[in-house]
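Below is one structure, written out as structure tokens, with a few remarks after it.
What follows draws every value from the coordinates through simple rules; no lab data is involved. Note that the structure is predicted; figures quoted are calculated from it, not measured. Here Cβ is always computed from backbone atoms with ideal geometry, including for glycine, and neighbour counts include all displayed protein chains.
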Amino acid sequence: MYVQTSSVIVGNSSSKGKKNESNPFLPDYLKDSLLDRYNRELKYPIPIPTCWNVNDCSSDLKIDDNLLSVRYKGNRKAAAVRANYYIPEETGIYYFEVDVLDGGNGDLISIGVATPYLGLRRHVGLYW
């Protein structure tokens, strides 16, 4: 299996591919949002997810050097990886893209948002 996130965070079609000039990691659709306003006033801005976290990843996954691509290299039923930061509630709405470049041999792929309590050997959204 091979999954890659978008290297450019995009918003609606009018801002597709553009980034906020005041913060290169903040996409246009979050410009003037509560998060953007907080970050302009705070000494330590609130970060948003920008890549996979190599320190919070199942041993059955390999994160490529670009930190945007993940390869499954194990034989377990499930493996998970988290982003480098959580999605702050100040964003209001958060958008991300994932491309599945190779789905394996009919394997189950779960992509979604989870709490930090989800184990790294579980599928997002599945409870068994």
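Computed quantities for the displayed model
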read-out: Phi-based couplings in Hz for region 30-43 (Karplus 6.51, -1.76, 1.60; Gly and Pro marked x); value: 9, 4, 6, 6, 4, 4, 4, 5, 4, 5, 6, 9, 7, 5
read-out: Cα gyration tensor shape for region 41-128, rounded if a/c is under 1.5, else prolate or oblate; value: prolate
read-out: Cleavage-rule hits, trypsin sites (Lys or Arg not before Pro), region 26-55, DSSP coil, Cβ neighbours within 10 Å at most 15; value: Lys43
read-out: Theoretical gain in end-to-end length, Ile87 to Asp32 [0.36 nm per residue, Cα-Cα removed]; value: 18.1 nm
read-out: Cβ-based net charge around Cys51, under 12 Å, with every Lys or Arg adding one and every Asp or Glu removing one; value: -2
read-out: Computed label-point distance, nm, for sites Val98 and Arg71 using a 7 Å Cα→Cβ extension; value: 1.9
read-out: Per DSSP, loop GluC sites (Glu not before Pro) in region 70-128 with at most 16 further Cβ within 10 Å; value: Glu97
read-out: Length added when fully stretched, Asp64-Arg40, from 0.36 nm per residue minus Cα-Cα; value: 5.4 nm
